[in-house]
Each structure stands twice: as structure tokens, then as C-alpha cells.
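Some notes on the structure that comes next.
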Amino acid sequence: MLSNLAVRDIETLVHPYTNLATHREVGPLVLESGKGVYVYDTAGKEYIEGMAGLWCTSLGYSNQELIETATEQMKKLPFTHIFGGRSHDPAIELAEKLKEIAPVPISKVFYGASGSDANDTQVKIVWYMNNALGRPQKKKIISRLKGYHGVTVASASLTGLPNNHIDFDLPLPGIMHTSCPHHYRFAEPGESEQDFSSRLAAELEDMILREGPDTVAAFIAEPVMGAGGAILPPEGYFEKINAILAKYDILFISDEVITGFGRTGNMFGTTTYGMKADTISLAKQITSAYFPLSAVMLSEQVYDVLVDQSRKIGVFGHGNTYAGHPVGCAIAVKTLEIYQREKIVEHVRKVSPTFVKRLEKLGEHPLVGEARGVGLIGGVELVKDKQTKAPFEAKKGVGAKSVVFAQEEGLITRAMGDRVAFCPPLIITEAEIEEMFNRYERALNKTLNWAK
Ligand code: PLP
């Protein structure tokens, strides 16, 4: 029996990223409150938030300092925009702090309200800059199959997943996708990670040469692929990609919307994987998700071009109402202060071995083909045959079923096809990590019985 709230939900909401037909029968999971790494539904049932919401609630669900900071800022100045040179203290302070901790030299920060709009900003700046530099043919952007960069028109084009393109008339022309660096799925039999990386770098180079290097402007990548299935890069991958991009003067955009702020065991995934990024997209953990805020970090070189262009044509015609929202910026400043004070990166490094060990142990389960993680992010791939890596029929929905069983066991996680991700709040303790995987093991056993 669906609850009253569930019935009202079905009659009123179109849910993002939801099978809208199935939702009419199943109804929503209605959450009511949260504390630490736990959330509670309207019946009071407890769940470990194994996905930190959508890879974002790094400081968990009841951080009083963030709540108080938001309240104070709301009372003082609940809104001002930053158009036309208007400004405010939290926006300035946050930009200074971001510059301090940036993993590559950056000059300025441009704010938005979501990861998607940050990546749209990246695309627009690349186009704008190359027009300004008198090379209007250098506009193409290369992304990767299974990469995830958002849902707005340009960022959904960068995303390399079929559901974001089919019937949406995307991707836009000039946005291309190179191979997905998933060694478990796409390596040739016996191909080492290093050899696989070399092959992918050679494929990227072929694509650039085929298109014409003077037409390719930028390459975008997440340090760890999130919504594509929590996929870690193979050994040597970014080192080889760095070299190709440098050879053809192609800008490297690092999409740190998930990996930024400690997720991989360094403040930034760019550092973890030695990415020679020119510019970086940030969102989610920048405010521990307590407020929508995103930021694009820009190099001096790009910034100088934008300023020169303003001298010629006037206003830089880009930006949205909530860019640099004072409440979001104040929360972000506090979030960064807490990360530093509580030594969040050190904490991730301390608990990560337990996370990775328990995740990899799932690899012994008869349903699990691959289990890999770094820092506090990772995933498992459920397969029909471990030996041959043969997948289940997609429409059987094995990954999704394991997530339903996990929910019964008091764990929220997320299936992307038959890959299931784990990405808990960064404040998680070792005992909570053990409990999270105990719950998923029970869910996997139920899935095995069901799948027989
Ligand atoms: N980039 C990456 C790597 C993401 O994981 C996401 C969202 O999950 C986005 C961009 C889009 O962010 P948003 O959903 O805030 O638009």
C-alpha cells in the first residue's frame, strides 16, 4: 500500500533520472531527516547513505556549523547577485580560498549553481576564447564514452551516456567521444593496464589527427568516472593523455564535480592522477551539498583573453542569477574551513584502506566481476559469469535489484546498469564502513537467490 505522500508524489512530480513508468507502480522513497552518515524515511527506517546523496554530502546530514552559517548569512544578506561588478565578502573569500588550494595554478574563479552549468561555462569559454584568439576553427571538444558532465545542452553533449542523448537530439555537433578507459570491460585479453592506456592514448591521437588538430580545442575528463559506473582510470592513463593534449595544444578540463575536496584521498583527483589540467569544474562537496553552488577555476592565460575581449566588445555576456549566491559562498567557506580543521583528507586516507579492503572482498562474491575503489569512492560490477565476464541481460535489472535489496537492509546505494557505486560521506568511520558493506553483502546474497 502506497502512503498518502507517495500517492501525492506520483500525481504531482516528474522525477529526474527515474523510470517514469515504473515509478507510477513503485512510488518514491520519502526521506524525512538525517544525522551523520544516516538518513531516515517517513516510517523512521534508518539507512546508511552509501552515496552521500549524489556523491555530495561530504560532511554528512546534520552539520550544525553549516546550518548556523547558512542561517546567519540568510539573516544578514540572503541574496545579492554579482553581475555588473557587484560583489560580497563570502564570494571574495571563497575565491581566495579556492585559489590557495587549487591543484594547478589558477588565476580566477567563475561561479555557477550546478555541475552542469559549470561545464557549460567551460564549453562557452573555450569557444569564446578561441574566437577571441582569431582561431574560430578550433572549437571541437573531446569527451569520453561513459563520461558524465551534466544535463544542460552542452554538458549533456559532453556526457557519454545513451540516455542523455537519445531523443534529446544530442550531442551537439563538434562534441565527440573517445573510448572509455575501463580496463575490466574494454581491455583485450591479456592486455596490461599500461598497454590498454597506451592504446587509448593512441586512439585519442588518431581522433585528433582525423579531425585536424587545429580544430580540436579541448578535452574533458573526470579523474574517476562517477555516473558512468565508478570507474577508476587504468595505470598510466592520464600521463599518456597529458602528453597527447600537450602535443596538439589542446586545453585539458578536469571535471572534479565529484572528486573535488578529498574524495580520492587528496584534496583533488587531479593530483591523485597527475592530470595536467588547465581548468577545473567544481560543485557538490564545495558546500557539502548544503547549498547549490559550482565554480570554474580559470588560468591566468584564459582570464587575460577574457579581459582583452571585454576591452574590445564590452560586457562578458555570461552568468546566472544565483552565481556566487552569498549563502552558498558562506557555506562553502565554512565547509573548506571544516575540511582543513578536521583534516578531512587525512581522515579519508586513514579509513580508505578499510573501504577498499571491504569493497575488494565483494569481488569474492559469485555475482561480482570487478570491485575497485580509491579513497572513498568505488564500485562493483555484477556479472552472469565471472570467468568470461559475460553480463546479465540488461532488462533483467540485476544491479537495480541489488539496490532494492540494499534498501531493505538499510543501505542507500546506486546502480548504473549492473555497476553499483559506493561513495559515502567523507566523515564515515571505519565501523560504519564495515556496517555499510555488511548490509550490501546481505543484499548481494538476496540478489543471488533472486537471480537463480
Ligand atoms: N560533472 C560530474 C563529474 C558529475 O558527477 C555531475 C553530477 O553528478 C555533474 C557534472 C553535473 O552536476 P549537476 O548535477 O550539479 O548539474
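Throughout, read-outs are computed from the coordinates displayed, never taken from laboratory work. Owing to the predicted nature of the structure, the values given are computational and were not obtained by experimental measurement. Note that we place each Cβ from the backbone using ideal geometry, even for glycine, and neighbour counts take in every protein chain shown.
Observations on the structure shown:
- Taking the conditions (1) out of contact with any Gly (no Cβ under 9 Å at 6 or more places or on another chain); (2) surrounded by 15 or more Cβ atoms within 10 Å (Cβ to Cβ) in turn, Pro162 satisfies each one other than (2).
- Residue in region 297-305 that is in contact with a helix residue (DSSP H, G or I) (Cβ under 7 Å, 6 or more places away or on another chain) and either under 22 Å from Leu94 (Cα atoms) or basic (Lys, Arg) (or both) present: yes
- Scanning region 130-154 for residues that are assigned to a loop (DSSP other than H, G, I, E, B) and within 16 Å of the ligand (Cβ to nearest atom) returns Leu145, Lys146, Gly147, Tyr148, His149, Gly150, Val151, Thr152.
- Near pairs, Cβ below 9 angstrom, 6+ apart or cross-chain, from region 317-331 (touching a residue at least 12 places away in the same chain (Cβ under 8 Å) and more than 20 Å from Glu96 (Cβ to Cβ)) to any residue that is β-branched (Val, Ile, Thr) and surrounded by 22 or more Cβ atoms within 10 Å (Cβ to Cβ): His318/Thr121; His318/Ile125
- Those helices (runs of 4 or more DSSP H) lying entirely in region 11-127 with at least 2 residues among the acidic types (Asp, Glu) and surrounded by 15 or more Cβ atoms within 10 Å (Cβ to Cβ): none
- Single unsatisfied condition, Arg311 versus (1) surrounded by fewer than 24 Cβ atoms within 10 Å (Cβ to Cβ); (2) of a type in the set (D, E, K, R); (3) touching a residue at least 12 places away in the same chain (Cβ under 8 Å); (4) at negative phi: (3)
- The one condition from (1) farther than 14 Å from Ile220 by Cβ; (2) more than 16 Å from the ligand (Cβ to nearest atom); (3) among the aromatic types (Phe, Trp, Tyr) that Trp127 does not meet is (1).
- For first residues located in region 148-159 and free of Cβ contacts under 8 Å to residues at least 40 places away in the same chain, partners that are near the ligand (Cβ under 8 Å from one of its atoms) and of a type in the set (Asp, Glu) and lie 6+ apart or on another chain with Cβ distances below 7 Å form the pairs Thr152/Asp117.
- Residue in region 58-68 that is of a type outside the set (A, V, I, L, M, F, W, C), closer than 30 Å to Val224 by Cβ and within 16 Å of the ligand (Cβ to nearest atom) present: yes
- Within region 320-337, the set of residues being part of a helix (DSSP H, G or I) and crowded, with 18+ Cβ neighbours inside 10 Å comprises Pro326, Val327, Gly328, Cys329, Ala330, Ile331, Ala332, Val333, Lys334, Thr335, Leu336.
- Some residue of region 161-169 being closer than 26 Å to Asp120 by Cβ, in contact with a helix residue (DSSP H, G or I) (Cβ under 6 Å, 6 or more places away or on another chain) and within 16 Å of the ligand (Cβ to nearest atom): yes
- In the set (1) outside any loop (DSSP other than H, G, I, E, B); (2) within 21 Å of the chain's Cα centre (by Cα); (3) away from the ligand (no atom under 15 Å from the Cβ); (4) surrounded by fewer than 21 Cβ atoms within 10 Å (Cβ to Cβ), Ser198 fails one condition alone, (2).
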